[in-house]
């Protein structure tokens, strides 16, 4: 039997959302006929980046505590389950996002529970302390992964201020957040601020204005967030930080430098060159470190772009004795990409990977809601997805080559290595990637 020919990829247009103002808030909705599982997300502009330095981690802790519900003691999840709904809550650097996924025909009942959980949670001191202790325990459990520890060590090497400490506050600062601090943060930043409500699903029979009234109540309009680029820490660039794990036979390494903010970056060009370097299986780093040298199971790279700044990083894990060469080989690949540019095959791979699969990528209410949340957090236009697709379709080799020069700066990089310092210090000092500093994990966020 012959394999059928591959047809021309279908074009994709992201549905245009409907926007309505309700009280102090805005509802942004997409009606998807037949999509019986609806996704609802409430966006507040109070992520980790705007936390005061004496309350770092308060947004993450508050996000956790809201799941205890209006009655406290983890009461929300079983209450929502009676309506077939699932609670959603997450915090990133730029946003505080709560929400639920629920059958569209039971959205009204579930949203009333949701509104109570967001606006009128119990915030019992015992629940807050329990959740704080769980977050602290989780921090060190997750930091048992060398790659996680390397990423969490990165902020203090690239920024001063809030970004120098991990999003959840770090083990020292988070432990200092008291129940009264959580209650004050919730009252000032969540309960009294309307936010933006995202709703996606089969909305036939759903009264969006009534939904907005239920969620927003009499909360005030969301204030405009001030944006200012954070300062870098003192110290020579490039440089190397070894986070010491005595006896480790492997090393987790990150090569990273600062990048512009989301609004300052031509995203298709930036993401495209990152994919050529480390975002695809056929990327330069993967082919060099995995396929040719056999040092790793995989290597990658990407941009983390925020409202006021950004980070570019390349990551991998290797055997300890190959750490130094893995770093120099990675830096050589970046230099080669900047000097020689991309190939026609690499350009085609980047374009196809970001356009052909869009109908599948946005086939669920959750995926569409996630795109709308991104638009809200970063003040993007309603046709952003279509502009983004068009940007990839318009990519050329010259555009990617210029992106390599504009967005990749190994001369400004910090290399973070989690591994055995006694074994690594000498070889890493010899590779010319800058001065080498050794720290223990416990000393990073004190």
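Before moving on, here are some points about what is shown:
- Among 409, 388, 186, the ranking by other beta carbons within 10 Å of each residue's beta carbon, starting with the fewest, stands as 409, 388, 186.
- Take the Cα of residue 378, step 7 Å toward its Cβ, do the same at residue 261, and the gap between the two points is 1.3 nm.
- q = 0.10 Å⁻¹, the range 323-446: log10 I(q)/I(0) [Debye, one scatterer per Cα]: -0.57
- Computed from the Cβ-Cβ distance with R0 of 51 Å, the FRET efficiency linking residue 172 to residue 348 stands at 0.55.
- Gaussian network model of the chain, springs between alpha carbon atoms under 10 Å - residue of 310, 426, 341 with greatest fluctuation: 426
- Extension gain, residue 319-residue 293: 0.36 nm per intervening residue step, less the Cα-Cα distance, totals 8.2 nm.
- Calculated diffusion of the chain, Stokes-Einstein form, Kirkwood radius summed over Cα pairs, 25 °C and 0.890 mPa s, µm²/s: 104 µm²/s
- Of all DSSP beta bridges in the chain, antiparallel share, percent nearest 5: 75 percent
- Across the range 239-443, counting alpha-carbon atoms alone, Rg and Dmax equal 18.3, 53 Å.
- Pairs of alpha carbons in the range 20-131 separated by more than 15 Å make up 67% of all such pairs.
- Hydrodynamic radius of the range 18-216 per Kirkwood, over alpha carbon pairs, in Å: 17.6 Å
- Summarised in one figure, the compactness ratio Rg/Rh of the range 372-428, Cα atoms and Kirkwood Rh, is 1.25.
- FRET efficiency, residue 16 to residue 439 (Cβ-Cβ, R0 51 Å, nearest 0.05): 0.50
- What the Cβ-Cβ distance of residue 207 and residue 140 gives, at R0 = 51 Å and to the nearest 0.05, is a FRET efficiency of 0.60.
- Cα pair count fraction exceeding 19 Å, expressed as % - the range 187-247: 62 percent
- Cα-based shape type of the range 311-351, given that a ≥ b ≥ c are square roots of the gyration tensor eigenvalues and the cut on a/c is 1.5: prolate
- With all projection directions averaged, the alpha carbon convex hull of the range 212-337 covers 12.3 nm².
- Rounded if a/c under 1.5, otherwise prolate or oblate - the range 37-91, Cα gyration tensor axes: oblate
- With the cut-off at under 14 Å, measuring from each backbone N in the range 49-85 to a point 7 Å along the Cα-to-Cβ line of residue 124 picks out 65-77.
Values in this text are rule-based calculations from the coordinates and carry no lab data. Computed from a predicted structure; not experimentally measured. Every residue, glycine as well, gets a Cβ built from its backbone with ideal geometry; the counts of neighbours run over all protein chains shown.
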